[in-house]
Amino acid sequence: MACPANKEGFLSAHQEAGPSGEQIRDELHGVGFLRPEDDRFWHGRWYQGPEMPPEQTWASESKPRDDHEAPDWLTASEYRDVSEVMAIKVEQLAQMLRASRKTVVYSGAGISRAAGIGQAARGAVKSQKKTTDALPTLTHYALGALAQHGLLHGWVQQNHDGLPQKAGFPQENINEIHGSWYDPSNPVVKYSGTLKEEQFPWMEHDAQTADLVLVLGTSLGGLNADQVATKTANRSTKGKSLGMVMINLQQTEQDGKASLRIFGKSDGVLKRLLQQLGIPAPVQSPAVFNKVPRVLVPYDRQGNRSETARMWLDLRKGATVKLTTGHNVQGARQPQYMHIGAKPGSVAKSGKKAGPGHGKVAEWRDDLVAIRLNIEGVQMTLGQWWIEAAERGGPPSLPIVNLNPEMEVEL
């Protein structure tokens, strides 16, 4: 994926009359959170238009999830804004994106359901069981297009699926807070585990500095990372942010905090948003790396980004590799990996002897947009997009380097 376009340049070519960020913040200043009995609860604190309620598209008397408590009024029922209201909300969302100083996506499993990946919450569509074979939806491609045009600046991702990166969203701008299927240095973290060291401060920074947060596919049911949305909403009542915009089919406990509340499928909403912004429909083609996977990258031999060092990263089949220092294999607490990085001489419950995290490239899987690795006798997976990200010097560190790195320049 190319580096994101300059936002100011894009807006100067596509600017439409609309409020400034300062004006929107002033209008939100002092506007309290809405209660369920308020007609505006369906629409948001900054919504300006007819207050027709959304249509119910699927009825349920059950709570959204069995593992979360919920107020009496909240069920798993699904809704869709009527056409007139949807058009106004999409226009207002476009205005907010143009005006925002920093926009962050906060997403949950709901946006990957259409890709065939399961979720814990109830819904009208039955969950499927795809994992690394899933491909991005229009939602993922649309968010990637917004990033390319300088309108998205970060993404805090609850999911592990790599679908944003498969759709072209820059690896360095996505915080996979709970781990990833495609980053061997940051495996999926079990509830008993601990987050990778840099992920939590990064998430807190976005929670404290975002001007606008787009919430998609999550019930905001009480995870620590929900603060990305709720703290930004809190600042909007003081005129210090644009707040949060929620795009979901189901209601959530936090709906009353939203500056704009949109009911609908994210694919449809974001398709209309791109049209409103004058952004062409994205080409829906996964980010497969089609060049020879031996590239010169601006990193030192430890895998840290450098202004002076240049290292050859060789990920051809059979190349020997190692996990870089700072990986979270032990913190993630996944049983099949617990021998990696364990105390030398120890034996994990799996029966495997401790190893430092060495291995080799086993195979390339373009159908998964993946590189299969054999690390200390177990399979791990690296997203192919990491190579292009490394070429441009995007991420501050790499998940793997070669066992004996070949340096072009080392200062």
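The values are calculated or read from the model by the stated rules, or taken from the named source; none is laboratory data. Just so you know, these numbers come straight off a predicted model, no measurement behind them. All Cβ positions, glycine included, derive from the backbone under ideal geometry; neighbour counts span all protein chains shown. For the accessible areas, the whole protein counts, side chains as well, though only heavy atoms, and no ligand, DNA or RNA atoms are used. Shrake-Rupley method; radii C 1.70, N 1.55, O 1.52, S 1.80 Å.
Structural remarks
- Test: Glu37 is under 26 Å from Leu212 (Cα atoms), open to solvent by 70 Å² or more (accessible area, probe 1.4 Å), out of contact with any Lys or Arg (no Cβ under 8 Å at 6 or more places or on another chain) and at pLDDT 90 or above: yes
- Residues located in region 303-313, provided they are more than 9 Å from Leu398 (Cβ to Cβ) and under 27 Å from the mean Cα position of the chain (by Cα): Ser306
- Test: residue in region 149-161 that is under 25 Å from Gly341 (Cβ atoms) and part of a strand (DSSP E or B): yes
- Residue match in region 351-363 (condition: touching a Ser or Thr at 6+ places or on another chain (Cβ under 8 Å) and under 27 Å from Gly154 (Cα atoms)): no
Let's see how each residue does on (1) touching a Ser or Thr at 6+ places or on another chain (Cβ under 6 Å); (2) of a type in the set (A, V, I, L, M); (3) more than 29 Å from Met407 (Cβ to Cβ):
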position	(1), (2), (3)
Gln276	no, no, yes
Phe289	no, no, no
Leu296	no, yes, no
Leu313	no, yes, no
Lys322	no, no, no
Ala332	no, yes, yes
Asp367	no, no, yes
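- Test: residue in region 151-162 that is over 23 Å from Gln275 (Cα atoms), surrounded by fewer than 19 Cβ atoms within 10 Å (Cβ to Cβ) and modelled with pLDDT of 95 or more: no
- Matching residues, region 338-395, being touching a Phe, Trp or Tyr at 6+ places or on another chain (Cβ under 8 Å) and basic (Lys, Arg): Arg372
- Listed by first and then second residue, the pairs linking a residue in region 175-193 that is under 27 Å from Lys360 (Cβ atoms) to a residue that is open to solvent by 20 Å² or more (accessible area, probe 1.4 Å) and among the β-branched types (Val, Ile, Thr), with Cβ atoms under 6 Å apart and 6 or more places separating them unless they lie on different chains, are Gly179/Val188; Gly179/Val189; Trp181/Thr132.
- First in region 265-283 and in contact (Cβ under 8 Å) with a residue 40 or more places away in the chain and on the phi < 0 side of the Ramachandran plot, second anywhere and among the acidic types (Asp, Glu) and part of a helix (DSSP H, G or I), Cβ under 8 Å, 6 or more apart: Gln276/Glu91
- Close pairs from region 331-357: first in contact (Cβ under 8 Å) with a residue 24 or more places away in the chain and closer than 17 Å to Met380 by Cβ, partner part of a strand (DSSP E or B) and not basic (Lys, Arg), Cβ under 7 Å, at least 6 apart: Gln336/Val378; Tyr337/Val378; His339/Gly355; Ile340/Gly355; Ile340/Ile375; Gly357/Leu323; Gly357/Ile340; Gly357/Ile375
- Residues located in region 274-311, provided they are surrounded by 14 or more Cβ atoms within 10 Å (Cβ to Cβ) and charged (D, E, K, R): Arg294, Asp300, Arg301, Arg305, Arg310
- Region 222-261, residues that are closer than 17 Å to Lys102 by Cβ, open to solvent by 20 Å² or more (accessible area, probe 1.4 Å) and β-branched (Val, Ile, Thr): Thr230
- Counting only residues that are part of a loop (DSSP other than H, G, I, E, B) and either closer than 22 Å to Asp226 by Cα or at pLDDT below 95 (or both), region 262-280 holds 2 of them.
- Considering each residue of region 400-408 in turn, at least one proves to be in a loop (DSSP other than H, G, I, E, B), open to solvent by less than 60 Å² (accessible area, probe 1.4 Å) and touching a Phe, Trp or Tyr at 6+ places or on another chain (Cβ under 8 Å).
- Filtered residues of region 312-329 (kept if surrounded by fewer than 15 Cβ atoms within 10 Å (Cβ to Cβ), in a loop (DSSP other than H, G, I, E, B) and touching a Lys or Arg at 6+ places or on another chain (Cβ under 7 Å)): Arg316, Gly318
- Condition check for Tyr79: assigned to a strand (DSSP E or B), modelled with pLDDT of 95 or more, among the aromatic types (Phe, Trp, Tyr) and closer than 22 Å to Ser241 by Cβ: no
- For region 54-77, a residue qualifies if it is open to solvent by 20 Å² or more (accessible area, probe 1.4 Å) and within 29 Å of Ala210 (Cα to Cα), and the qualifying residues are Arg65, His68, Glu69, Ala70, Pro71.
- Single unsatisfied condition, Arg98 versus (1) within 26 Å of Gly268 (Cβ to Cβ); (2) among the charged types (D, E, K, R); (3) outside any loop (DSSP other than H, G, I, E, B); (4) free of Cβ contacts under 8 Å to residues at least 24 places away in the same chain: (4)
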